[in-house]
Amino acid sequence: MKVPKSLDNPLAKLYKTFMDRIRKVALFFETTASNDRCIMQGIIKYASRYGHWIFYSKIHPFYMLRGKNPWHEIIMHELVKWRPDGIIAHVGPRKAEELIALKVPIIIVPIGTEKPEHCATMQGATEPIAIMGANYLLNLGFKNIAFCGFPKISWSNELSKSFIARIVKAGLKTHVYSPPKVSANTFVKEDYKFLCDWLLSLPKPVGVMACNDARGQQVLGAIYAAGLKVPDEVAVLGVDNDNLICDVSNPPLSSIRLALDKAAYRASKLLDSMMSGEKLKEQHLFWYPEQVIIRQSTNILAIEDEEVAKAVRFIQKNVRLSLSVNQVVENTTLSRRTLEQRFKIITNRTIREEIRRICVERISQLLLGTNMTIYQIATALVCPNGEHLSRTFRREKGMSPKEYRRKYGY
């Protein structure tokens, strides 16, 4: 149907109003990467609710945005011709500069830790991710803890620094993988050998955090080659929760799930405001860790005291705020005083503190993973009321449940 040119025509007015609301948004992501797909899901979710967006349809593999090549030139030519209203792109510094030069609202997901100037960015919050990984291994009872990353990659080194700081704060030493320098031509082959030697040299049992799931899978392969047992001698934790990598690993890899889609949702809201001409309110957005998805690679409690281990397992299995210390004691063969003393020495927490910690982690999962109200969560965890739950949560997290959901959720 041909749309009348005269704006006096009601159909033409309706058509113009509709077209004025449409935004053309270009996305540049590596479509084979799990993290990039999660980010795109968050963008699409926002657009389906509020955005009225249409997307640049040529979403190419990542290598096409690297260097000068015919594909790169074609993409840039198409992009200029398409005239986007906004851009969200996961690119390196050089390509970021080219996209920023188009002078349209843009959000860059930078490769590495270097932030481009004069534009909004979205990237991982390395410190909270490292702290969640470190706390998880500490809570499993490990006294020997290690980190395995990619020594020449900036974001991996940032993660390593924060991880080490948390372990040092707990009074322990961190063993960090640092291979000898070799030529680029032999690095892959030699790196695997160095990994095996490093793993054999670590005191056992040991909990290892890998900088991402791909590295975690490599660590598991090296453990197998070295003749070690998972998780009895070496437990491995990854980052990203890439289901394909985690589930195909042998054994399946535990991993930290990141709130990528939620961060992308907030970034889309920011871009929408920018495209509407609003003043930039927030320049740097971050995605945060949600929770550890536990699989076989860390399915162990590295606590030698069997009675204390029994108590921790009981708390984990019966997580609720109304759980009493006496109920925990009754599931061991020790007196309350003896169990509390041994529990404190081994975990550096009281039994009541451990109950509260595990409950708050469960509350965090429900706040981010469901639409349950505070009252519903309180009911599920057998808590007297929502106010009691909120006080307990604030004591552990430093913010209310509503603030936590607002900051890390949709």
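Taken together, the values in this text are just the output of simple stated rules run on the coordinates, not laboratory data. As the structure is a prediction and not an experimental result, all values here were calculated from the model. Cβ: placed from backbone, ideal geometry, glycine included. Neighbour counts: every protein chain shown.
Results, tabulated for the structure shown:
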| read-out | value |
| --- | --- |
| Relative contact order %, segment 306-408, counting alpha carbon pairs below 8 Å whose residues are six or more apart | 26 |
| Charge dipole of segment 151-292 about the Cα centre (unit charges at C-beta), most positive-ward option of 209, 268, 175 | 175 |
| Peptides 212-223, 389-400 ordered by average Cβ neighbours within 10 Å, highest first | 212-223, 389-400 |
| Residues residue 33 and residue 77, FRET efficiency given R0 of 22 Å [Cβ-Cβ distance, rounded to 0.05] | 0.30 |
| Amide H within-cut-off set for residue 176, under 5 Å, with H built and near neighbours excluded | 147 |
| Residues with amide H under 5 Å from that of residue 208, placed H, sequence gap 5 or more | 146, 235, 236, 237 |
| Cα centre as origin, Lys/Arg/Asp/Glu Cβ charges: segment 306-408 dipole, Debye | 280 |
| DSSP bridge orientation in the chain - percent antiparallel, rounded to nearest 5 | 10 |
| Charged-residue dipole, Cβ positions (Lys, Arg, Asp, Glu), the chain about Cα centre, Debye nearest 20 | 1060 |
| Computed [θ] at 222 nm, helices only, for the chain once each DSSP H run of length n ≥ 4 contributes -39500 (n - 2.57) | -15500 deg cm²/dmol |
| Likely footprinting exposure, 367, 137, 285, fewest C-beta neighbours within 10 Å first | 285, 367, 137 |
| Sorted by Cβ neighbour density within 10 Å, fewest at the top, the residues 342, 406 | 406, 342 |
| Shape of segment 155-247, Cα gyration tensor, a/c cut at 1.5 | rounded |
| FRET efficiency for residue 152 and residue 410, using Cβ-Cβ distance with R0 set to 25 Å, rounded to 0.05 | 0.10 |
| Order by protection proxy (mean Cβ within 10 Å, highest first), peptides 267-277, 323-333 | 267-277, 323-333 |
| Taking 164, 363 and counting other C-beta atoms within 10 Å, the order from fewest to most | 164, 363 |
| Cβ-defined net charge surrounding residue 38, 14 Å radius [Lys, Arg +1; Asp, Glu -1] | -2 |
| Computed E for residue 279/residue 50 - FRET, C-beta separation, R0 22 angstrom, nearest 0.05 | 0.70 |
| Net lengthening on full extension, residue 365/residue 173 (0.36 nm per residue, minus Cα-Cα) | 66.1 nm |
| For the chain, alpha-carbon Rg relative to the globular expectation (2.2 N^0.38 Å, N residues) | 1.15 |
| Overall Cα dimensions of segment 306-408, principal axis frame, Å, largest first | 42, 22, 21 |
